[in-house]
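These notes are about the structure you will find just below.
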Amino acid sequence: MGGDLAPKATVEGAVLAARDFGIEVVMVGDGEILAHELADHDAANLPIRIEHAPEVVLMDDSPLESVLSKPRSSIHVGLDLVKRGDASAFVSAGNSGAVMTASMMILGNLNHVDRPAIASLVIFQFLWVWNDLLVALIYVGGVATVAPVTVTLVNLVGSYGQNYQLLTAAAFFSMIVPLVVFLSLQRYFVRGILAGSVKG
């Protein structure tokens, strides 16, 4: 039951899913905490049940170590439910690495899939956010003292439009981080793209 504002927001989502879609929801986590949160909602007649999992996988836990050392965590218990056929799907807002590792170890890979293609998605997501001026402005602000690189580069165009050497150096500087990320993860990127391709 991880994620932001958990378990309150997660329980609210489970109640809405059970009420709006009429599906059975199994909440996996600390039974006492979940029962306390569920008591705040009118969920007596909803198909919601609680599966107790006393151990917690933290966001900074090693994915492999968490799977091996915490067999009674909500991730492990929830995936065991899927494996036994007691649940049709598993959703977690917690440690993504632990979820992926536990899924591979407990459920295994899908047919014709060698490895998860998460690296290609991570690279694309990083580049989208890095290049998105609007997001940078929203979170960092456009003030000159705390402006993101993209905003500073735009300011250089206005202030030093004739000094092309400064603009070129600034543009190259703004490309260093994405370039390092792409080159360091390039082999995973290619493998992730090829993992979803059609093979003859």
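When restricted to residues that are more than 15 Å from ALA98 (Cβ to Cβ) and either assigned to a loop (DSSP other than H, G, I, E, B) or not basic (Lys, Arg) (or both), segment 35-82 contains 20. Quick check on ARG187: is it among the basic types (Lys, Arg), at pLDDT 70 or above and either assigned to a helix (DSSP H, G or I) or within 19 Å of the chain's Cα centre (by Cα) (or both)? The answer is yes for ARG187. For segment 12-28, indicate whether the set of residues that are touching a Ser or Thr at 6+ places or on another chain (Cβ under 6 Å), closer than 27 Å to VAL122 by Cβ and outside any helix (DSSP H, G or I) is non-empty. So far as segment 12-28 goes, yes, one or more of its residues are touching a Ser or Thr at 6+ places or on another chain (Cβ under 6 Å), closer than 27 Å to VAL122 by Cβ and outside any helix (DSSP H, G or I). Applying the set (1) assigned to a helix (DSSP H, G or I); (2) within 21 Å of the chain's Cα centre (by Cα); (3) free of Cβ contacts under 8 Å to residues at least 40 places away in the same chain to LEU110 leaves exactly one unmet item: (1). Residues in segment 75-96 that are among the β-branched types (Val, Ile, Thr), under 17 Å from the mean Cα position of the chain (by Cα) and buried (at least 16 other Cβ atoms within 10 Å of the Cβ): ILE75 alone. Summed over segment 53-72, residues that are without any contact (Cβ under 8 Å) to a residue 24 or more places away in the chain and either buried (at least 20 other Cβ atoms within 10 Å of the Cβ) or under 23 Å from ARG19 (Cβ atoms) (or both) total 1.
Taking the criterion of being within 21 Å of GLY31 (Cβ to Cβ) and outside any loop (DSSP other than H, G, I, E, B), the residues of segment 84-105 that qualify are ARG84, ALA98, VAL99, ALA102. Answer with yes or no whether ILE48 is in the same structural domain as SER174 (by TED's automatic domain parsing) and either touching a strand residue (DSSP E or B) at 6+ places or on another chain (Cβ under 9 Å) or surrounded by 17 or more Cβ atoms within 10 Å (Cβ to Cβ) (or both). No: the conditions fail for ILE48.
The values are calculated or read from the model by the stated rules, or taken from the named source; none is laboratory data. Please read these numbers as outputs of a predicted model, since none were measured by experiment. Ideal geometry is used to build each Cβ from the backbone, glycine not excepted, and the neighbour counts take in all protein chains shown.
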